[in-house]
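Starting off with a structure, shown below.
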Amino acid sequence: MENLYIFIVGLLFCLAIFDLVVGVSNDAVNFLNSAIGSKAAKWRTIMIIASVGIMLGAMTSGGMMEVARKGIFNPQHFYFEEIMVLFLAVMVTDIILLDIFNTLALPTSTTVSIVFEILGASLALATIKVLKGGLPMTYLFNHDNPDAGIIGFMNWAKAGEIVSGILLSVVIAFTIGAIVQFISRFLFSFEYQKKMKFLGSIFTGIALTALSYFLLFKGMKNISIPAVVDFIHAIDQHLIYFGIGAVILFSVITFIIQKFNKNPLKIVVLFGTFSLAMAFAGNDLVNFIGVPIAGWQSYNIWASSGVSPEALQMTGLAGKVETPYLLLVGAGVVMTLTLWFSKKARSVTETEVKLGAQNEVDERFKPNIVARGIVNTTTALNKGFTTIMPKMVTNQISKRFKPVDFIESNEEVAHFDLIRASVNLLTAAILISAATSMKLPLSTTYVSFMVAMGTSLADRAWGRESAVYRVAGVMNVIGGWFLTAIIALSVAAIGACIMYFGGLYGIILLVSVVAFVIYKSSKHHAISLKRKKYSESKTSINYKDVDQTMIHLTDNVYEALSDIKKIIKLTDSGISKESKKDLKKANETLVQLHEEYAMVKSGLFKIIKKNKSDESTSAQLYLLTYDLMQDMLQSVDLIVDSATTHVKNNHKPLTADQYKNLNEIKNQLDKYLNFLQTVIQNGDFSQRNLDEIKILKGIFLKQIENATSEQINGVMHKQYGFKNTSLYFTLLLELKDLVAVAARFVKLYSRIYKEGKITKLR
């Protein structure tokens with residue numbers, strides 16, 4: 001029996017390592033967003049500063065098992081064996097939940113997840129205790145009061161605090177962020193450098209003072225060094241004087257710094273990044289290692305008690321659970337390594353950065369009816385408000401909020417400027433500090449995210465071109481927050497039941513599920529990153545060099561034709577063999593091809609934007625190539641969709657004569673596309689090759705015509721039904737369109753060459 005619980009404790013600590021990895025991957029966005037989005041420094045510099053903050057925060061963490069001490073459940077009413085099942089179910093669920101959110105690149109709250117996981121697992125076990133013991137159901141809902149003889153297994157107040165925390169975070173952080181950013185932008189405009197000397201010095205002084213307060217009272221609150229404690233206490237006692245003195249001191253320092261042509265806003269952003277990173281590690285570390293520590297503490301209590309696991313009530317857990325210093329250091333190291341090497345952390349950060357980007361980005365989220373409704377309503381209200389505002393006021397506001405032009409060709413262009421980055425960090429720090437002092441249950445993740453969204457709205461980053469996508473994205477993230485609570489509670493409850501009744505077999509089953517989820521999500525994320533990188537490579541061209549553009553585009557078309565041949569082959573196999581597997585592969589390849597050309601579409605806009613009036617050939621090539629490829633993909637879409645529907649609905653297969661005709665058509669199509677690829681790859685657009693393409697195309701079209709005539713004749717003689725004819729005609733007509741469009745690539749490139757706009761082909 002003892003070996004089993006030693007195994008569980010060891011398993012808890014192994015799971016803690018994974019939990020640290022997935023937790024940091026999700027929470028890194030809280031302190032990296034502003035620095036990375038504004039490019040306040042090189043990526044390496046930002047990582048070093050954040051890493052130092054994390055290590056200091058971890059090492060100075062109080063290490064208290066907050067969630068147990070605050071009483072999500074009342075441990076004195078649970079036995080040791082139940083407690084160990086509870087903790088294991090929580091860790092398993094936490095890893096699965098956070099890893100899924102990371103894979104989807106959505107930020108969520110690790111505090112909310114851990115609290116509701118404990119709530120779900122403890123509620124499930126409490127329900128089992130009530131049902132097995134024939135106890136009153138009120139035990140599940142009572143507020144525990146030993147003095148009055150009232151027994152309550154759960155503490156529902158904490159769940160209420162978390163839910164109210166979500167609502168408070170969303171409303172307060174978004175509103176305050178928008179207001180502060182509006183005022184800041186109105187004062188500085190987008191050409192803020194002109195007003196940095198005096199106004200900027202005062203702004204920077206206020207920002208650094210607020211961040212210093214946040215660092216002292218949030219990031220360093222757990223430090224037990226007497227000198228530090230006394231210093232913080234002294235500041236707390238004379239807070240007004242400290243604030244005024246700090247603002248003056250920092251303002252003077254930043255004024256002097258500007259004399260050396262240094263931008264003090266970069267100091268604000270980097271200092272804010274350090275402060276938030278330290279506060280995150282110091283306060284949220286408990287979310288990742290608190291449960292394993294409590295499990296270890298529970299084991300020690302049981303091992304020294306001499307009582308059987310099913311008889312020992314865990315009264316000892318109601319107190320504080322200290323974390324050994326070496327574990328804090330080890331946790332800090334794991335968190336720091338994760339920050340540097342986790343690709344999922346970068347994906348989550350990218351989601352938030354892009355939702356607040358000032359410039360054009362590839363919008364990730366699709367609009368929905370609610371997002372459109374919000375945008376339409378807001379637009380109408382704005383028009384009404386504008387009509388009643390004095391013209392002079394609206395003109396002045398528009399002037400202050402006019403974005404400056406930036407060099408589109410610069411790969412290191414920031415998504416937003418240092419003013420907004422500073423406001424993000426400043427506002428988040430003030431709100432979190434104020435909430436802490438007033439004991440309001442605001443979430444760090446939610447505050448950081450909603451402040452960033454509020455500032456982007458106030459900065460007019462959500463324009464007519466992007467608003468509906470950004471609103472949809474924010475709604476997706478907020479919806480995910482509420483889902484976090486529901487899923488965490490439900491999955492932890494189910495996991496606790498499986499482990500309680502399944503014993504060791506249940507534990508092995510759920511740990512296997514964790515391993516499987518991590519493997520599949522990592523594989524999925526790696527494939528997504530690979531596709532993204534491959535797609536982005538298709539748009540990385542030197543738009544000033546028409547020859548390079550031509551080589552780049554012909555390579556893309558060659559690869560696309562290869563994919564189309566593969567899709568046609570899989571579709572043909574799927575129809576003839578009625579193979580859903582082949583059709584699934586065809587659909588997957590087609591989706592990948594669409595994703596790649598979605599990136600080409602994005603690159604198309606950037607290429608056109610970069611070009612000057614005398615450099616339009618590259619943009620024209622890009623535009624016409626994309627247009628032709630879209631026409632081809634539209635035909636392939638219809639072919640694959642019709643075949644998939646036909647096979648999935650189990651309709652009658654095509655006849656032997658139809659297969660024979662399709663096979664001949666497919667062989668001729670292969671010859672045609674192979675020749676096109678050879679011409680495109682070699683860059684040989686001579687008249688001889690154009691004539692050969694015309695001949696091959698003529699043979700193909702004749703075959704299509706004969707097959708169409710045979711089908712019409714068969715329908716007239718009632719040989720073929722509606723479903724058969726519908727599929728067959730779709731295949732024939734779309735293949736005909738496909739061939740016609742494919743020939744236009746060669747005609748286009750041949751014309752460009754003959755016009756003398758290309759000096760070399762390969």
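The values are calculated or read from the model by the stated rules, or taken from the named source; none is laboratory data. On a predicted model such as this, the values are computed, not experimentally measured, just so you know. Neighbour counts run over all protein chains shown; Cβ positions are idealised from the backbone, glycine included. Remember, those area values only see protein heavy atoms, side chains included, never the ligands or the DNA or RNA. Shrake-Rupley method; radii C 1.70, N 1.55, O 1.52, S 1.80 Å.
Using the crude model of +1 on Lys and Arg Cβ and -1 on Asp and Glu Cβ, and no other charge, please compute the dipole size for the chain relative to its Cα centre, in debye to 20. Display every interim value, and only then the final one.
On the way: 75 positive and 59 negative charges, 445 e Å.
Its charge dipole is roughly 2140 debye.
Mind ranking 29-39, 553-563 by how tightly packed they are, going by the mean number of other C-beta atoms within 10 angstrom, highest first?
Details: 29-39: 27.0, 553-563: 18.7.
Per-residue Cβ counts within 10 Å, averaged per peptide and sorted highest first, yield 29-39, 553-563.
Return the FRET efficiency for the residue pair GLN681, ARG460: r is the Cβ-Cβ distance, R0 is 51 Å, and the value is rounded to the nearest 0.05.
Details: r = 47 Å, r/R0 = 0.91.
Approximately 0.65, to the nearest 0.05.
Ok, one more. So how far, in whole Å, is the C-alpha centre of segment 159-188 from the one of segment 635-666?
56
Compactness ratio of segment 609-733: Cα Rg over 2.2 N^0.38 Å, N = residue count? Working shown, then result.
Numbers: Rg = 19.1 Å, N = 125, 2.2 N^0.38 = 13.8 Å.
That ratio works out to 1.38.
Residue separation times 0.36 nm, minus the C-alpha to C-alpha distance between ARG744 and ALA303: what's the value?
Contour length minus Cα-Cα distance gives 150.8 nm.
Quick check on segment 251-383: what does the Kirkwood estimate of hydrodynamic radius come out to from the alpha carbon pairs, in Å? Write out the running numbers ahead of the final one.
Details: mean 1/r = 0.0480 Å⁻¹.
Over segment 251-383, the inverse of the mean reciprocal pair distance is 20.8 Å.
Moving to a separate point now. When the Karplus curve 6.51 cos²θ - 1.76 cosθ + 1.60 is applied with θ = phi - 60°, which whole-Hz ³J(HN,Hα) does each residue of segment 138-152 get, with x for Gly and Pro?
Taking θ as phi minus 60°, the curve returns 5, 4, 7, 10, 5, 8, 4, 9, x, 5, 8, x, 9, 9, x Hz for segment 138-152.
Using amide H atoms built in the peptide plane, which far-off residues or other-chain residues are under 5 Å from TYR720 H to H?
Under 5 Å from the amide H of TYR720 lie the amide H atoms of VAL715, each far enough along the sequence or on another chain.
Follow-up question, since we're still on this one. Please work out the average accessible area per residue across the chain, using the 1.4 Å probe convention, and give it in Å². Present the calculation step by step, with values, prior to reporting the outcome.
Numbers: 35250 Å² over 762 residues.
So the chain comes to 46 Å² accessible per residue, rounded to a whole number.
Quote to one decimal, in nm, the extra length available between HIS651 and LYS259 on full extension: 0.36 nm per residue of separation minus the C-alpha distance between them. Working shown, then result.
Working: separation 392, 0.36 × 392 = 141.12 nm, distance 7.91 nm.
Roughly 133.2 nm would be gained on extension.
If you bin the C-alpha pair distances of segment 175-290 every 5 Å from 0, what whole percents do you get?
2, 11, 16, 19, 20, 14, 10, 6, 3, 0
Pop the C-beta distance of LYS132 and LYS523 into the FRET formula with R0 = 41 Å and round what comes out to the nearest 0.05.
Details: r = 41 Å, r/R0 = 1.01.
Once the sixth-power term is evaluated, E becomes 0.50.
Out of [x] 28.7; [y] 30.1; [z] 27.4, which label holds the value of Kirkwood radius over Cα pairs in Å that was computed here?
[y]
Would you be so kind as to identify all helices of the chain, as entire DSSP H runs, whose Cα atoms reach 27 Å or more along the helix's own axis and whose mean Kyte-Doolittle hydropathy is at least -0.5?
Numbers: long enough: 2-27 (36 Å, 1.60); 80-103 (35 Å, 1.70); 110-133 (34 Å, 1.40); 239-258 (28 Å, 2.30); 264-303 (57 Å, 1.01); 369-388 (29 Å, 0.62); 418-437 (28 Å, 1.51); 467-537 (50 Å, 1.04); 546-576 (44 Å, 0.01); 580-610 (45 Å, -0.57); 617-648 (46 Å, 0.25); 656-682 (39 Å, -0.89); 687-716 (43 Å, -0.30); 722-754 (48 Å, 0.47).
TM-like helix candidates: 2-27, 80-103, 110-133, 239-258, 264-303, 369-388, 418-437, 467-537, 546-576, 617-648, 687-716, 722-754.
Suppose we keep just the alpha-carbon trace of segment 1-126; what are its Rg and Dmax in angstrom?
Just the Cα atoms of segment 1-126 yield Rg and Dmax of 17.3, 56 Å.
Among 571-583, 710-722, 204-216, how do they line up from the highest to the lowest mean number of other beta-carbon atoms within 10 Å? Before the final figure, lay out each step's value.
Working: 571-583: 18.3, 710-722: 13.3, 204-216: 22.7.
Top of the packing list down: 204-216, 571-583, 710-722.
So how do 520-529, 387-396 stack up, highest first, on mean other-Cβ count within 10 Å?
Working: 520-529: 13.9, 387-396: 9.6.
Ranked from most to least packed, the peptides come out as 520-529, 387-396.
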